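Shown next, in structure tokens, is the structure this report addresses.
The values are calculated or read from the model by the stated rules, or taken from the named source; none is laboratory data. Remember, it's a predicted structure, so these values are computed and weren't measured experimentally. Here the Cβ is made from the backbone with ideal geometry for all residues, glycine too, and neighbour counts use every protein chain on show.
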Amino acid sequence: MPIKKDKYLNARGGTVKFVDVSCTNCGEMFSVYQKDGPGWLKRCYLNRIIESSFYGIKKVEDIKNLTCSCGNTIGTPMKHKDGRLAFKLIRGNFVRTLNKSQK
């Protein structure tokens, strides 16, 4: 899948990493997330999740909880203060690992 590049990334001095986010209960990977900059991963913005099922979602009411197939709730839908839609991840319910292509 082609990745949209951020044309202002170098000007900001940021670094983009692709992070695999998986369930702590069963280990199933449910998304790949484009993370920009340092810090703990506490929310996944929909416009940075590399998964086609989230394209075209415009309202927070249209999003269901992010739940693994084993029933573990990974995150809840939220609208960030800048207007972007995201999942607020529940600490302890997910594992974050650096994507294999960047190691």
Legend entry - Checklist (1) over 20 Å from Lys17 (Cα atoms); (2) more than 12 Å from the chain's Cα centre (by Cα) applied to Gly39, failing item: (1)
Legend entry - Pick from the stretch 11-36, criterion among the acidic types (Asp, Glu) and at pLDDT 85 or above, ranking: nearest to the chain's Cα centre (by Cα): Asp20
Inset, instruction - Please indicate, with yes or no, whether at least one residue in the stretch 29-47 is basic (Lys, Arg) and either touching a Phe, Trp or Tyr at 6+ places or on another chain (Cβ under 6 Å) or touching a residue at least 24 places away in the same chain (Cβ under 8 Å) (or both). - result: yes
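Can you pull out every residue in the stretch 78-103 that is part of a loop (DSSP other than H, G, I, E, B) and in contact (Cβ under 8 Å) with a residue 60 or more places away in the chain?
Listed by number, the residues that qualify are Gly92, Asn93, Asn99.
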Inset, instruction - Of all residues in the stretch 57-100, count the ones that are in contact with a strand residue (DSSP E or B) (Cβ under 9 Å, 6 or more places away or on another chain) and of a type in the set (Gly, Ala, Ser). - result: 3
Inset, instruction - Working only within the stretch 74-92, note down all residues that are at pLDDT 90 or above, surrounded by 12 or more Cβ atoms within 10 Å (Cβ to Cβ) and of a type outside the set (A, V, I, L, M, F, W, C). - result: Gly75, Thr76, Pro77, Lys79, Lys88
Legend entry - Test set (1) within 12 Å of the chain's Cα centre (by Cα); (2) modelled with pLDDT of 80 or more - Gly71 fails condition number: (1)
